[in-house]
Each structure stands twice: as structure tokens, then as C-alpha cells.
Amino acid sequence: MLKFDRLLETYIAYAPRGFKLFSMGLPLWLKQKLYTPRELDRGLNGAYRGRYIFTAHHESHAASAFFPSPFQESAILTLDGVGEWATGSIAMGRDNRIEMLQEMRFPHSLGLLYSAFTYFTGFRVNSGEYKLMGLAPYGEPIYRDVMIEKLLDIKPDGSFRMNMDYFGFCHRDVMTTPKMNELFGGPPRKAESEITQREMDIAASIQVVTEEIVLKIADHAHALTNSKNLVMAGGVALNCVANGRVLREGPFENLWIQPAAGDAGGALGAALFTWHQLLDKPRAAAEYDHQSGSLLGPEFSEAEIGAWLDEAGAVYQCFSDEEELISRIAELIADEKVVGHFADRAEFGPRALGSRSILGDARSTEMQSVMNLKIKFRESFRPFAPAVLREDVDEFFEMREGEDSPYMLLVAPVKEAKRLNVEEVERMRGLDKLKEIRSEIPSITHVDYSARVQTIDPRRHPRFYRVLQDFKRRTGSPILINTSFNVRGEPIVNTPEDAYRCFMFTNMDALVLENHILLKSEQPNAREIDAAAYLAEFELD
Ligand SMILES: [Fe+2]
């Protein structure tokens, strides 16, 4: 009802503009969304007899950030597009309770601001934000001042108002208005058309503006709560470049981010909020956290997988000895093979953490373009992330002392000692930067010498840890490329069948399904790859 209230008020404020949007949206509200309990009863065939509890959107985000965190008490920061009215909130978590303190309200929203430029640079809103962040290091933040002067009115506490003459999301079906085009020398980029220096510079600019705002809000949250800990959730908390700066430059000693920081994580938050806050169940701080490595999804038994592979007519080797299995996986990767790795429960959240991952050798100079163009069929500029043994992270990356990043939500600089060709890269513009070998681990070093680090510890990701250990024993390198097991536009694979299909339709060399290993070269029904047909099944993201 609160969200409906926001929609009505917004429509009324802009009327008669926005009538088209209003008339399109209203039927769904009147038929379905206003009757959520009835719809849930229908979906569950009446099997659920309990009460329905509606938690506020940002309350759910806040709960998903604090309750699974390792902290007994913590400041809580949530930032996203929009919930009911709130677009961001500051709260305080203590033991088994959270207290909401302050919020920022629609239409002023850091998430919607970032999404407006996701749209303007020709990427898809709600999924292309990653691309905008990945594009930022290719550009210069030459539009920062224009953005801050014309588009925003930023207060000292980090809250801000947006100049709605430039933004269309209240009354149009696109994110910006023609007035925006005047500021950036022309209309938005068309999807899939060439990316020019303008888009790179816009990406760099909005990224810097976002970081500055998040840092201001973090300062304010610290002043309000006086806590040394910070937890975060909401879509903006997936901006791992901003997160890295909060950790390095912000006032907090410790930072924990909900891995499912987007709205999927709201489900977890609502459940934990009900359990701890409403039912008053106790909660204790944990040495690691209460997120179980975020391995909260479905799993499949070795027997199930074996039976399925036989039915599919696949050729595979089955390992009964775990040591041999781990050793073989590491050997394949050390051989510069691209390996699809499927084991344990699937990850909850947008990042693959080793359970549904494609793995490769981070030292390979070819791997970034091979993986982008021949495996994932996505844009060549997009960076890959490293998975590194927890105990070796400080040798390669400038993390804060003792800090880990088990959920791949922090970006850190690659250590200067590991960098190569620094002057050459600096001289180059745009995508040319990709041509230089940037470090000893080139495939995971972004063009600004940063990397989105995942640290692997034996407690949270035991199997992945052992693979990395074995790989290091063979090669001396404790780092692998870890990218999600899917092609562009495809959801991350979930079942063995999804994984096998993705393996067969891409140029992946090997597939590990729990204790079974398949080599592409041995598959009887391996054929000329018709990637176009496979990709056509998925809408481009
Ligand atoms: Fe949200």
C-alpha cells in the first residue's frame, strides 16, 4: 500500500504528463499487486495457514545486512533505487534488534541516479550497472563538476536532491529527459552500438560522484551511530569500487556487505527480521559470519549427477578419491584449460563464488579476451575477478590489514610490485588500454590496476580453497580467474543440466560436476558450436 501511495502521489504531481505510464501500470495493481496475500495463498495452494507479515523494503535490506554479519553491534547503511518511499537508510543494529534512524526519499535516489546513466550510456537499467562500473576506468571523470552543479544538490550529510528537469523516471518510460542530452553533447547511446570515449567519460564521472556521495553518507552514519562497524545492503552496495573506498578511506574499522545486496536479499532480510526482531530469538556475533559462505541454494548429489550424465550420453571420468579429483581440476587449469566448476550448493546473490564458476589461470595473457569473446560472448572491455588464497592476498593486493573479501564485494588496487607497463597504459586512451599486459596477473587486472578480489578461506569455501592450494603447489600462483558460470544474458547455471548445456555450447574445455569431470574433446556429441542459436534464447543484458 505504501508503494501504491508513492505511485499515485507521483502520478498526481506530474499529471497530465505520465498518463501513459499510469494507464499501463494501474491494471496490474488493481488486479494483483494490491492483493498480495490472496496471490500468495493461490501460489501456495492454500497450504500456508500462518500470518503474512510485510516488512518495509529498507528494513528488509537493513536486516539482511546486519543479522548475518559477524558483528554484535553495527551501523547499517542501505542504498538502492527505491523501495516504498525510501531510497536509502541509516540504521543501528544491536544484538537481535535493528533500529531505523534516518532515510532519504524518492525521487532522490543514488540507485536511480546511477541507473539513469546506465540508461544514458546504452546499457540496460537494473542489470547493466555493472557494465557502467566496469567501463569507468577507461574514461576520465570530466563530467563530474557538471553532474554535481547541474544535476544534484548534495548536503554535507551526503543526502541530496536531484534536479528533476533532467530525469524522466517519474513520468516517462525512459530514465532521462531531452534536457540531459544538452549536457552531454547528444542523445543516449543506442544499445549495442559502438561505445565511444563519451560513454567512458560519463561512466568515470558518475562513478566518482557515487563514491563521493557514499563516502559522505558513511561519515554521517558514523557520526550518528558512533560504531566502528558498518554493514551494507541494497543494490548500490554491489558497487564494489565504492565499497573499497569506504573501507580504505571511510571512518569505519570493519565492513561487512550482504552478498545478495540487491532485492533478492530482501527475502533473507524479511525472514531474519521476523525471527530476531519480531519473535525475539537471540543472536550471537560470529567469528566469520552467519551467511554460510552464501552457499544457500540447491545442491545435487553425485549419484543424481552420474545418472543424469549417463542418460545424456556424456563421456566422463568419475573420481572416488577427493584428493585425486582436486588434483585433476588444478592440473587442467594449470594447463591453461577453461574449466566450468559446479559443486556444492549454488551461491545466493549475483556473484559466483566457486560453486557455479568458470575458472582459469589468472597469469595467462590471453585469458581475458578468450573468456570474454569465446566463452561468455560478452563485451571485450569487461574485467574478470580473481579468487585468491586468503593467506596470500596481501602479496598481490592492497587490502587493509587483516581484511578479507569472501563474497567478492571489494575492489582493491593490485600491488605496485606486481604491475607492468604502467607508463604505456597511462598514455593510452579508451579500449586501447586493454592491449597492454598490465601485471603478472593480467587477466584479472583492470586497466586502472584494480581488481575485484575474492579471498578464499577454508571455512567458508573449503573445496575451492583446496583447488587453489593444489594449483599454487603446481604453479606457485595462488590466484585464479573466477567468473560466473553462464553466457551473456543467461542466468547463472543452477542444475547439472544447465551447466552441461552451457559447457557444450561454448568453447569451455572441461566441466566439473561434483566428482565427475568431462573433457570437451571427448564428448561424442560435441559439434560445431552454434553460439548464435544458444545466445538467442537469452535476452541480451
Ligand atoms: Fe531494494
Discussion item. Loop only by DSSP, 11 or fewer other Cβ within 10 Å of the Cβ. Give me the chymotrypsin sites (Phe, Trp or Tyr not before Pro) in the stretch 286-338 that pass, ordered by residue number.
Written reply: none
Worksheet item: So for the pair residue 32, residue 190, with labels modelled 7 Å out along Cα→Cβ, what separation do we get in nm?
Response: 3.2
Worksheet item: With no solvent and one point on each alpha carbon, what is the Debye value of log10 I(q)/I(0) for the stretch 448-491 at q = 0.20 Å⁻¹?
Response: -0.80
Discussion item. For a protection proxy built on the mean count of beta-carbon atoms within 10 angstrom, sort 490-497, 466-473 highest first, please.
Written reply: 466-473, 490-497
Practice prompt. Would you mind telling me the share, in percent, of accessible area of the stretch 184-292 contributed by carbon and sulfur at probe 1.4 angstrom?
Written response: 55
Response to the item:
Contact order relative to length for the chain, counting C-alpha pairs under 8 Å separated by 6 or more residues, stands in percent at 15
Item to complete: Report ³J(HN,Hα) in whole Hz for each residue of the stretch 434-439, in order, from the Karplus equation J = 6.51 cos²θ - 1.76 cosθ + 1.60 where θ = phi - 60°; Gly and Pro get x.
Response: 5, 6, 8, 7, 9, 6
Worksheet item: How are the C-alpha pair distances of the stretch 364-419 spread across 10 Å bins, as whole percents from the shortest bin up?
Response: 20, 42, 32, 6
Discussion item. Could you tell me how many cubic angstrom of Cα convex hull volume the stretch 1-67 has per residue?
Written reply: 114
Worksheet entry | Within the accessible area of the stretch 398-471 (1.4 Å probe), percent carbon and sulfur | 45
Fill in: If the convex hull is drawn through the Cα atoms of the chain, its volume per residue in Å³
161
Fill in: Cut-off 9 Å between beta-carbons: net charge of the residues surrounding residue 415, Lys and Arg +1, Asp and Glu -1
-2
Worksheet item: Where nothing but the Cβ of Lys and Arg (+1) and of Asp and Glu (-1) is charged, how large is the charge dipole of the stretch 464-533 around its Cα centre, in debye to the nearest 20?
Response: 400
Discussion item. Accessible area of the stretch 302-348 with a 1.4 Å probe: how many percent of it is carbon plus sulfur?
Written reply: 39
Practice prompt. Net charge near residue 29: determine it from the other residues with C-beta under 13 Å of the C-beta of residue 29, scoring Lys and Arg +1 and Asp and Glu -1.
Written response: +2
Item to complete: Calculate how many DSSP beta bridges within the chain are antiparallel, expressed in % of all such bridges and rounded to the nearest 5.
Response: 75
Worksheet item: Stokes-Einstein at 10 °C, 1.306 mPa s, Kirkwood radius from Cα pairs: D for the stretch 272-353 in µm² s⁻¹?
Response: 96
Item to complete: Could you state the angle between the C-alpha long axis of helix 110-120 and the longest principal axis of the C-alpha atoms of the chain, as a value from 0 to 90 degrees rounded to the nearest 10?
Response: 70
Item to complete: Only loop residues by DSSP count here, and only those with at most 15 other Cβ atoms within 10 Å; note down the GluC sites (Glu not before Pro) in the stretch 155-212 that meet that.
Response: 192, 194
Item to complete: State the volume of the convex hull built on the alpha-carbon positions of the stretch 354-488, expressed per residue in Å³ and rounded to an integer.
Response: 101
Discussion item. If packing is taken as the average number of other Cβ atoms within 10 Å across a peptide's residues, how do 89-97, 225-233 rank, most packed first?
Written reply: 225-233, 89-97
Item to complete: Using the heavy atoms of the protein chains and a 1.4 angstrom probe, tell me the accessible area per residue for the chain in square angstrom.
Response: 43
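The values are calculated or read from the model by the stated rules, or taken from the named source; none is laboratory data. Here the structure is a predicted model, which means the values were calculated and not measured. For neighbour counting, all protein chains shown are included, and Cβ atoms are generated from backbone atoms with ideal geometry for every residue, glycine included. Just the protein is used for accessible areas: all its heavy atoms, side chains included, with ligands, DNA and RNA removed. Shrake-Rupley method; radii C 1.70, N 1.55, O 1.52, S 1.80 Å.
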